[in-house]
Ligand SMILES: Cc1cc2nc3c(=O)[nH]c(=O)nc-3n(C[C@H](O)[C@H](O)[C@H](O)COP(=O)(O)OP(=O)(O)OC[C@H]3O[C@@H](n4cnc5c(N)ncnc54)[C@H](O)[C@@H]3O)c2cc1C
Ligand code: FES
Ligand code: FES
């Protein structure tokens, strides 16, 4: 279980990293925390020609508040964001969800942006980013662009990132006055979610995002539904996610969780808003 | 300290200074400091090469060809071996039953399980060896496979080995007492069907072998983290076609856990030895985790039907066992031992005089089985103790009452069971009472009542079992008929060995061939010696490495069947006692006292009546070296004593097939309360109580350690762990993210209760304790879940989805307009269906022409490098497929059939590559649209196997859909795709929309 | 920005347990392999090579790090700490190590180096952990031998010992 051979570039600046991506395109891979990529390298599931290590690019390791958004740079590790003193105040949903990502020993290395780039359908960070209507800040040697999180993740481990682009940062809007609920069910502590639900209660109604069921986190916005109307909406959502069976859970089980946990987190978000 | 319940109480323990104490282990300082010496920590000879193994992605296939040219030419590669190369140097491993069947450590011309070795590369380092694996080109012709044990023995099932008709390797019937009479006269017949799943104890250190062939001596020198039994040494040397004295097998000082599993390294010993011989250099192989999970070994899965004849009071009169034991693709030594290890105690802890048994040993296309902690116990007790619970439910008794009514009565020991076990000692009735009172059973019942009153789902389960230890090396011959046994000659006993040595300065060393894997044998032996010689354990050096060329060993040597405390430690005592007796005589002559008056304490040998009349122990002990002439006549020497000890109770099976399969039988009584989460189906253990009588406790801390460790594994087997296979034989639990080992957040801390009834048959009164909870815990938890849900049909592991399925009612129907994929298949089944459609600008005829055109195919098949046209409707392609960073090269075949131009066509394809293989079939229909263009609709079925199936299970279906989607969307795109795509698969739909919608 | 080519070995230097070390590695070499087979620091173990078992856990610049999910070339210039550096001096055991020995917090000892690294790091910043916190921390490690309870007990005792010794130090400083 050893990686196939690759070149390694330790980029000191963003431009250096982008230059390699521009030159090598799809044959290059960024390595950030390595918590997903290295396992795939070891198993030879991935065989890039060159790895670009971005973790020594000082500018990327920043958490900043800009124009009503929290910007998290590509160098920010999950542990750092979790330990950020303003997290619970500024991004309560992320504060609820991030402790469910892996373990202390993986959060210490894995990055927020790496998790978004990887686009695992069960991952918590993409779920939060989509639930919160966050944005992905892409950068290539040619251009910069900003893509809404919901458009960025296009499917299982598939994103709108072009081969020469990297994620420079992701940003989460700060929304005061909303209520949040989060819960996930996994086989063991730290495992990828079988189903994870995040709810936001706001003046506009409710927003429910679900990971682990479809190929990517999916969202629904509803007015303030209750009772059987809410049940019906959850039931329709559960079916629309087109759940599948695997060795850890059945499709039916996943739908059940969407119906039940979905309701739970919505109630939680409402309580929390009130 | 910290183990109040573990206070030793036996006479032996009280009288002694060290035995019975939880002293700190002599092993630990090095292990805690990073100074352990595990196999991969030891240096190798200069020039050592490294091996990597290519493994079968198919459960069952013929090997058509293996092309190793490119691999042989790769940088750093010294040798590449395939089956024929190994066959030229070795003989088949012996098979446990008489049949025209062979068993090789590498596939010859047919693979029979996913993970079976197909080729071995030997190179200058492991990285380069794996590089070369990628260059080996193997062509397979898949065969139908058989996975389920009961399906395997139905007529017409695919045959795994031509020499095992109906896949049955052995079919034996046994009868003890008068089972027919008992069943005929009993008030009730109560039965249960069990399918016990596959799992393994998965040590954290994997297998390792370093082998070398000395061409001048014609001999192998092999270091492996093998754990015994050393009967396997005979199997190895036979396979290497050499007498045993030319196969030197050594074990490293430390081993990172085994739990039986490292017995299974032996086929790799043969394989790597052959590789070393071919390479002409030492070869080292360290198994990786993917190899380990997929192909090292597994406990057997077993289909059992167990019936009991029960009278009106709940007393069991007879049992009827029908066991179908699934040993996987090869019957590897010592199988079918898993089935027969428990034979003598198939009546469990109960006084049941009549029994009928049918034992079938069968083969399927799964990893070959072998030793695993509990070895046969989990499978047997799951059936037996589930049955006890069912008897209670059906006859409306409390389950504990049924247990109490049936256990072997106090005062009946030693008790001979119907199938021949001699239960050495115990007081089961008292242990049940002690466990219930010390563990707070009444309180637990109150908690259940309270929980139920609140509408929560809560249950209590019990299990009462005997834990056999020190296996009779003859039990396996019970699989043979009497006539076969007579022909083969008797097999019985269990030789334990110990060597105690005293060096010229009087320091004591001990060697044992028990191959510990973390059980602290060196500490306990030091305690035994310290008590006998009156020294401190720290002054005793114990060596547990085995070297078959120099050490005292026998076939029973090794670390299995919990034989250390009962047999090996006792043998150490016998050896040390012999030296002590001589030392007493020597000292007596110097101290001018009678030998009887001499005793050892505080590093001195002294007169008991006059302690001041003393000599340093070291001086007396060294005399045999320095002054043999001064020793009393006929005392011999005290330099070294090797003892071989075998208990007389371990006789061969008798003519009526009665077998005392083990020397000692401990008793365990477990119960637990569980609560089930109504929403998630998760099972939470409220309290788990485990009561043990393992005879005399030599080291309370280690005994509790064994109990907690076994409990953790039993807990995992109950709730988390399964070597899952798809019906096509794909292995689905290839990583530690799929094979779920419980962590500290899952495993609760069990309440441990001790009782000590020394064994009359072992030198120290001790019995084994290491395996019991692997046997009792899975069924105890299952019984609690059965109680909580009022459900008879309980299957392990109790994954939340499975549990929830038992409590959830009908599902709310899908709202109108939302269709779900057809899902007739079982969870884990790899069959994947999907459908979708796209609107394209081109006319049906134009789309049709594209489908039959290699250039278009090249453009639309995702990642296609080249297309070769074999015929008008048959194409071959080289493709790179993948999602995200996961990419692999495949050889693909595409065939068109059922052509209905230009309306519909069936497209079937297959792909084969290093990451796996897949096959699928899809029907494409082309319907003209009003105003031009075509609606392209497709529907497909696909199946994926190989590496991606075993390590990417969670993501596989989705990934496959993406790739298939890529094909159709590329086709649509090529055909001028535009308008809204409309498919049932929302992921695919979104994907298509993103691709077309976004682009336009 | 040097580009380290795939087929060559490149010099890698860092501080290991406070001492400068140097070796050479292809870019693809795992840090675990580099520590063990290049530097001979075999205390760090390898159990899965995909980040789940935790046996390979070390500290890199103070961060808990799976050395199987890290390349040797990535830690060039870093501060790396492994189980070999836990004891205050050779032949002695740290408070945590000694507590493991006292409570039988290990059997085969294969998972132990990683477990020790996580606990040592955690206790240095969380001197008063609850049992639940420790269990959550240890969810990043697989131990097949102990059932974890003895590990938790050892860690709780070590935390208490360390806390009381810092209190003592604090009071002597006052
Ligand atoms: C034991 C274990 C358990 C885990 N459990 C969970 C879990 O429960 N939930 C969860 O969400 N995750 C889990 N993870 C994954 C973990 O969160 C990863 O850290 C994360 O998915 C990827 O982040 P990374 O920084 O490690 O990225 P890497 O592994 O370095 O990279 C991942 C992918 O993203 C790309 N990439 C990374 N950064 C960028 C960038 N800035 N721009 C463009 N591309 C980039 C890489 O090229 C690569 O393809 C677990 C991991 C492990 C080992
Ligand atoms: S070897 Fe690194 S986590 Fe298992
Ligand atoms: S002590 Fe053996 S795995 Fe933990």
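Quantify how much of the Cα-Cα distance distribution of the range A:7-53 extends past 15 Å, in percent.
39
Quote the Stokes-Einstein diffusion coefficient, in whole µm² s⁻¹, for chain C, based on the Kirkwood radius over alpha carbon pairs, a temperature of 37 °C and a viscosity of 0.692 mPa s.
It diffuses with D of about 194 µm²/s by this estimate.
Could you work out how far apart the two model spin labels at residue B:37 and residue B:925 are, taking each label as a point 7 Å from the Cα in the direction of the beta carbon, and quote it in nm?
Calculated label separation equals 7.4 nm.
Report the Rg/Rh value for the range B:676-750, based on alpha-carbon coordinates and the Kirkwood definition of Rh.
1.08
Please figure out what share of the DSSP beta bridges in chain C is antiparallel and state it in percent, rounded to the nearest 5.
So the antiparallel bridges amount to about 90 percent of the total.
Report, to one decimal in Å, the Kirkwood hydrodynamic radius for chain B based on all distinct Cα pairs.
31.0
For the range B:193-299, state the semi-axes of the equivalent ellipsoid (square roots of 5 times the eigenvalues of the alpha-carbon gyration tensor), sorted largest first and rounded to whole angstrom.
Over the Cα atoms of the range B:193-299, the ellipsoid semi-axes are 27, 15, 12 Å.
Averaging sequence separations of C-alpha pairs under 8 Å and six or more residues apart, then dividing by the length of the range C:33-174, give the relative contact order as a whole percent.
Relative CO of the range C:33-174 lands at 26 percent.
Can you put B:939, B:792 in order, fewest other beta carbons within 10 Å first?
B:792, B:939
In the P(r) worked out for the range B:446-561, what percent of Cα pairs fall beyond 20 Å?
64
Report the far tail of the P(r) of the protein assembly as shown, meaning the percent of Cα-Cα pairs longer than 65 Å.
So the pairs more than 65 Å apart make up 11 percent of the total in the protein assembly as shown.
Which values, in whole Å and largest first, are the semi-axes of the equivalent ellipsoid of the range B:832-996 obtained as the square root of 5 times each eigenvalue of the Cα gyration tensor?
Semi-axis lengths for the range B:832-996 are 25, 18, 13 Å.
Taking the 0 to 90 degree range and rounding to the nearest ten, how far is the long axis of helix B:266-279 tilted relative to the main principal axis of chain B, both from C-alpha atoms?
With rounding to tens, the tilt is 70 degrees.
May I ask you to derive the relative contact order of the range A:102-201, considering only C-alpha pairs under 8 Å and at least 6 residues apart, and to give it as an integer percent?
In percent, rounded to a whole number, it is 29.
Report the calculated FRET efficiency for residue B:429 and residue B:577 (r = Cβ-Cβ distance, R0 = 51 Å), to the nearest 0.05.
Computed FRET efficiency for residue B:429 and residue B:577 comes out at 0.90.
Enter the angle in degrees (range 0 to 90, nearest 10) between the Cα long axis of helix C:112-125 and the first principal axis of the Cα atoms of chain C, meaning the one along which they spread out most.
Roughly 70 degrees between the two axes.
Can you sort A:242, A:163, A:27 from fewest to most other Cβ atoms within 10 Å of each residue's own Cβ?
A:163, A:27, A:242
If you build a Gaussian network model of chain C, linking Cα atoms that sit under 10 Å apart, which residue out of C:38, C:136, C:49 swings the most?
It is C:136.
Rounded, prolate or oblate: which fits the range B:32-107 when a ≥ b ≥ c are the square roots of the eigenvalues of the alpha-carbon gyration tensor, with rounded for a/c under 1.5 and prolate only if a/b beats b/c?
Oblate shape, in that a/c is at least 1.5 and b/c is the bigger or equal ratio.
Using Cα pairs under 8 angstrom and six or more residues apart, how large is the relative contact order of chain B, in percent?
It comes to 13 percent, rounded to a whole number.
Take every Cα-Cα distance within the range B:51-175, group them into 10 Å bins from 0 onward, and report for each bin the whole-number percent of pairs it holds.
Using 10 Å bins, I get a P(r) of 13, 36, 30, 15, 5, 1, 0 for the range B:51-175.
Binning at 10 angstrom from zero up to the longest distance, how are the C-alpha pair distances of the range A:14-108 distributed in percent?
14, 38, 32, 15, 0
State the Cα centre-to-centre distance between the range B:548-580 and the range B:679-714 in whole Å.
27
For a quick check: sort B:899, B:480, B:583 by the number of other beta carbons within 10 angstrom, fewest at the front.
By the 10 Å Cβ count, ascending: B:899, B:480, B:583.
As a test of the formula, what do you get for chain B when each DSSP H run with n ≥ 4 contributes -39,500 (n - 2.57) and the sum is divided by the residue count, at 222 nm and rounded to the nearest 500 deg cm²/dmol?
Theoretical 222 nm ellipticity from helices: -8000 deg cm²/dmol.
Using only the alpha-carbon atoms, how far is helix A:227-240 inclined from the longest principal axis of chain A? Give it as 0 to 90 degrees, nearest 10.
30
Using a Gaussian network model on chain C with a 10 Å cutoff between Cα atoms, which of C:71, C:138, C:39 fluctuates the most?
C:39
At R0 = 41 Å, how high is the FRET efficiency between residue B:640 and residue B:87 if r is their beta carbon distance? Nearest 0.05 is fine.
0.40
Have a look at chain A and give its Rg and Dmax from the Cα atoms, expressed in angstrom.
Spelled out, the Cα radius of gyration and Dmax of chain A are 18.6, 58 Å.
Report D for the range B:272-353 in µm² per second (integer): Stokes-Einstein, Kirkwood Rh on Cα pairs, 4 °C, 1.567 mPa s.
77
Rounded if a/c is under 1.5, else prolate if a/b beats b/c, else oblate: with a ≥ b ≥ c from the C-alpha gyration tensor eigenvalues square-rooted, which is the range C:95-169?
Prolate.
If each Cα of the range B:495-645 is one equal point scatterer, what is log10 of I(q)/I(0) from the Debye formula at q = 0.09, 0.21 Å⁻¹?
-0.28, -1.22
Here, each number is a calculation from the coordinates, and none is a lab measurement. Here the structure is a predicted model, which is why all the values come from computation and not from measurement. Quick reminder, even Gly has a Cβ in these numbers, built from the backbone with ideal geometry, and neighbours come from all protein chains shown.
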